[in-house]
Amino acid sequence: MNCAAVGDVIRHLNKLPENFQFYKFECFPKDANRVIYVEFTGGLCRKLKSGKRKGQWGYRGATDVRKFAVTIEDGEKMELQYESIFGKCHPCGGKGEVMASWSIADGMVMRMCRRCGGTGVPPGGTYAEGLVST
Ligand SMILES: [Zn+2]
């Protein structure tokens, strides 16, 4: 499940403000091999004013914390909803590339997104409006 895309859909459907950010994703049940649902935890955050992550969201001291449970099945539907709501390909978030690997030596290595072929546009355009339940 693309937690960033699904998180954006949760924010949109629940009419949460832009500064409501998800910062914790937990798979359940914890002792099973197969994940049934992912619990999203988020809250109202403020942008960092200093330090290495300046300008990014700071999660410490988040207020109005809320949790959302999303089953794997629903997550797949929400990835398609993401494309119809935002008009962006879901694995790459409209950027046309996804992470291939990450290491301390090389940092983040990107590769072309296979779903959209690097265009960032969902294949066949955006999906039917009917998928979106608001
Ligand atoms: Zn893509």
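Going by what's in this entry, would R53 be described as among the basic types (K, R), more than 13 Å from the ligand (Cβ to nearest atom) and either loosely packed, with under 15 Cβ neighbours inside 10 Å or modelled with pLDDT under 95 (or both)? Spelling it out, R53 is indeed among the basic types (K, R), more than 13 Å from the ligand (Cβ to nearest atom) and either loosely packed, with under 15 Cβ neighbours inside 10 Å or modelled with pLDDT under 95 (or both). Scanning region 42-49 for residues that are assigned to a strand (DSSP E or B), among the aliphatic types (A, V, I, L, M) and modelled with pLDDT of 95 or more turns up at least one hit. Of the residues making up region 1-10, those that are touching a strand residue (DSSP E or B) at 6+ places or on another chain (Cβ under 6 Å) and within 20 Å of R60 (Cα to Cα) are C3, G7.
For A4, are the conditions met, namely being hydrophobic (A, V, I, L, M, F, W, C), modelled with pLDDT under 95 and on the phi < 0 side of the Ramachandran plot? Considered against the rule, which asks whether it is hydrophobic (A, V, I, L, M, F, W, C), modelled with pLDDT under 95 and on the phi < 0 side of the Ramachandran plot, A4 comes out as yes. Kindly indicate whether any position in region 39-46 is within 16 Å of the ligand (Cβ to nearest atom) and either farther than 17 Å from A5 by Cα or surrounded by 11 or more Cβ atoms within 10 Å (Cβ to Cβ) (or both). No: region 39-46 contains no residue that is within 16 Å of the ligand (Cβ to nearest atom) and either farther than 17 Å from A5 by Cα or surrounded by 11 or more Cβ atoms within 10 Å (Cβ to Cβ) (or both).
This table checks each residue for (1) surrounded by 11 or more Cβ atoms within 10 Å (Cβ to Cβ); (2) assigned to a helix (DSSP H, G or I); (3) free of Cβ contacts under 8 Å to residues at least 40 places away in the same chain.
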residue	(1), (2), (3)
K77	yes, yes, no
H90	yes, no, no
G94	yes, no, yes
V98	yes, no, yes
S101	no, no, yes
A105	no, no, yes
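For the condition small (G, A, S) and more than 16 Å from the ligand (Cβ to nearest atom), G93 does not qualify.
The values are calculated or read from the model by the stated rules, or taken from the named source; none is laboratory data. All figures in this text were calculated on a predicted structure; none of them were measured in a lab. With ideal geometry, Cβ positions are generated from the backbone for all residues, glycine too; neighbour counts draw on all protein chains shown.
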